[in-house]
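Structure, as structure tokens:
The values are calculated or read from the model by the stated rules, or taken from the named source; none is laboratory data. Small disclaimer: the values here were computed from a predicted structure and weren't measured. No Cβ is skipped: glycine too gets one built from the backbone with ideal geometry, and neighbour counts run over all protein chains shown. Note: accessible area is taken over every heavy atom of the protein model, side chains too, but ligands, DNA and RNA are not part of it. Shrake-Rupley method; radii C 1.70, N 1.55, O 1.52, S 1.80 Å.
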Amino acid sequence: VSPLFFTFDNKSLYVSSNRGRDKSAIYTFDLKTALEDSLIFEHPEVDVYNLMRSKKRKVLTGVSYYTDKRKIHFLDDWREKLQNTLESKLKGVEVAISDISKDESKAIIITYSDISRGTYYYYDIESDELTKLADLSPWLNPNYMSEMKPIRYTSRDGLVINGYLTIPKGSNGKNLPVVVNPHGGPWARDRWGFNPEIQYLANNGYAVFQMNFRGSTGYGREFWEISFKQWGKTMQDDITDGVNWLISEGIADPDRVAIYGASYGGYATLAGLTFTPDLYACGVDYVGVSNLFTFIETIPPYWELYREMLYEMVGHPEKDKDLLTVASPALNVENIKSPLFIAQGANDPRVKKSESDQMVEALKNQGVDVPYMVKENEGHGFYNEENRFDFYRAMTEFLDKHLKNPQ
């Protein structure tokens, strides 16, 4: 149960809740009984978390939720009319209200898309005047960017998997080199919109494939819970099934598919090379987990209360020893035969440097090409600009070598 805000009479709450149901929905909540009261809005496919209101008029104005893109279900004619007016003025982009004045006469508007980081506007509602304030990244030309298209496919056990496919601008979309990019978390999700990393890869000639494999959030409790203790198993199958779908559709050249991800995405990269060694031409592991035993052992102190939950979601090092052994790439490196590039922050508190060290050592012992980039002044991901340049430069050279000029 997630409290959103008080009802306008201050006697109850509005909440997003999934108690007794699969998908989170919006309810009023009785504070005396601690129970959900009236159902305001639910969606059959996704969780709903966001409720919109007018403080001035003391009414609910709408509910926003996320399927392939952000959608709004309006509860108020005035707010719906305002949205329609703005969208008629700002075509071809997503339009959102960033802020609105207390008297609801003026608003700050933001537009965004998959090919633009967005633009801010000032809108005088009473006079119907729209004034551009600033582009977020004026140096980026949307005409050079590639569209991110929502896609869906079915897993081998019948689950619908949603995702996004970015095809390089000007490409015919067939027989392409592809970078498969599973998200981190893993209990998170990919969303539609401008992603500089995706655009960078597409600009270098790669199609980029993202998927919300089981365990991704926003699709209800069951979709999340069926991922428990499935690292390297059905969660990985969802990624594999997506790659096979790309190949069957003629989008991916089966000989030129790479996998790249960070954190859990890094684990998925290692798992992909370990458990489906013939599927990928190469892989890039960025601050990824390699050994589920050492990953759980090195839980930082501020995660201690989360430890029991991780035992349930990933596995217990003693009770689930066999499960974790089979699912740990570092303990199954003899299966890996494709080149691998690993990048790691020396001060990473979440995925310790030892996760990457043990992978590199094991692979070198069996003669696999494994360039290794360690940055001493980084943690869980690179944030210093010079390090980011180094990483993307090295990753591009690595991908070009193995996907564009395979040996």
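Mind pulling the angle between the C-alpha long axis of helix 385-399 and the longest principal axis of the chain? Nearest 10 degrees, somewhere in 0 to 90.
Rounded to the nearest ten degrees, it is 60.
On a 20 Å Cα-Cα criterion, which of the cross-link pairs Lys32/Lys102; Lys375/Lys401; Lys58/Lys106 come out too long?
From Lys32/Lys102; Lys375/Lys401; Lys58/Lys106, over 20 Å: Lys32/Lys102; Lys375/Lys401.
Excluding Lys23 itself, calculate the net charge of residues whose Cβ lies under 11 Å from the Cβ of Lys23, where each Lys or Arg counts +1 and each Asp or Glu counts -1.
That sum, taken over residues with Cβ under 11 Å, equals -3.
Which one of Thr61, Ser98, Leu39 is farthest out on the positive end of the charge dipole of the stretch 1-117, using unit charges on Cβ (Lys, Arg +1; Asp, Glu -1) and the Cα centre as origin?
Checked the options; the winner is Ser98.
Tally Lys and Arg at +1 and Asp and Glu at -1 over the other residues with C-beta under 15 Å from the C-beta of Tyr49: what net charge comes out? Provide the component values of the computation, followed by the final result.
Details: positive: Arg19, Arg21, Lys23, Arg53, Arg70, Lys71, Arg189, Arg191, Arg221; negative: Asp22, Glu36, Glu42, Glu45, Asp47.
For residues surrounding Tyr49, the net value is +4.
Assigning unit charges at the beta carbon (Lys, Arg +1; Asp, Glu -1) and nothing else, what dipole magnitude in debye, to the nearest 20, does the stretch 1-56 show about its Cα centre?
Result for the stretch 1-56 is approximately 300 debye, rounded to the nearest 20.
With every protein chain left in place and a probe of 1.4 Å, what is the accessible surface of Glu397, to the nearest 10 Å²?
The accessible area of Glu397 comes to roughly 120 Å².
Taking the Cα centre of the stretch 268-364 as origin, work out the dipole magnitude from +1 charges on Lys and Arg Cβ and -1 charges on Asp and Glu Cβ, in debye rounded to 20.
200 debye
Dipole size in debye (nearest 20) for the stretch 119-259 around its Cα centre, Lys and Arg Cβ +1, Asp and Glu Cβ -1?
Computed charge dipole of the stretch 119-259: roughly 540 debye.
Could you work out how far helix 353-365 tilts from the main Cα principal axis of the chain, as a 0 to 90 degree angle to the nearest 10?
30 degrees
Can you tell me the orientation of helix 77-89 relative to the chain, as the angle in degrees between its alpha-carbon axis and the longest Cα principal axis, to the nearest 10?
60 degrees
Using 29 Å as the Cα-Cα cut-off, could you pick out the over-long pairs in Lys23/Lys233; Lys149/Lys364; Lys69/Lys169? Before the final figure, lay out the partial values.
Working: Lys23/Lys233 24 Å; Lys149/Lys364 39 Å; Lys69/Lys169 21 Å.
Check vs 29 Å cut-off fails for Lys149/Lys364.
Keeping all protein chains in place and using 1.4 angstrom, which order do Leu82, Leu35, Leu305 fall into by accessible surface area, from largest down?
From most exposed to least exposed: Leu305, Leu35, Leu82.
Out of Pro168, Val370, Ile299, whose Cα points farthest toward the positive end of the dipole of the chain (charges: +1 Lys, Arg; -1 Asp, Glu; placed on Cβ)?
Selected residue: Pro168.
Among Val314, Val326, what's the order by accessible area (1.4 angstrom probe), most exposed first?
From most accessible down to least: Val326, Val314.
I'd like the carbon and sulfur percentage of the solvent accessible area for the stretch 1-137, probe radius 1.4 Å, heavy atoms only, ligands and nucleic acids excluded.
Carbon and sulfur together cover 48 percent of it.
Show me, for the stretch 181-196, the HN-Hα J-couplings you get by feeding each phi into the Karplus relation (A = 6.51, B = -1.76, C = 1.60, θ = phi - 60°), rounded to Hz, glycine and proline as x.
Computed from phi, the couplings for the stretch 181-196 are 10, x, 6, x, x, x, 8, 8, 7, 7, 10, 6, x, 6, 10, x Hz.
Which entry in (i) 45, 25, 21; (ii) 34, 27, 22; (iii) 40, 28, 19 matches semi-axes √(5λ) of the Cα gyration tensor in Å derived from the coordinates of this structure?
Label of the calculated value: (iii).
So how much accessible area does Arg53 have, in Å² to the nearest 10, using a 1.4 Å probe?
100 Å²
Rolling a 1.4 angstrom probe over the protein chains, ignoring ligands and nucleic acids, what is the accessible area of Leu75 in square angstrom, nearest 10?
About 70 Å², ignoring ligands and nucleic acids.
Taking the Cα centre of each part, how many Å lie between the stretch 182-242 and the stretch 82-143?
Each part's Cα centre sits 30 Å from the other's.
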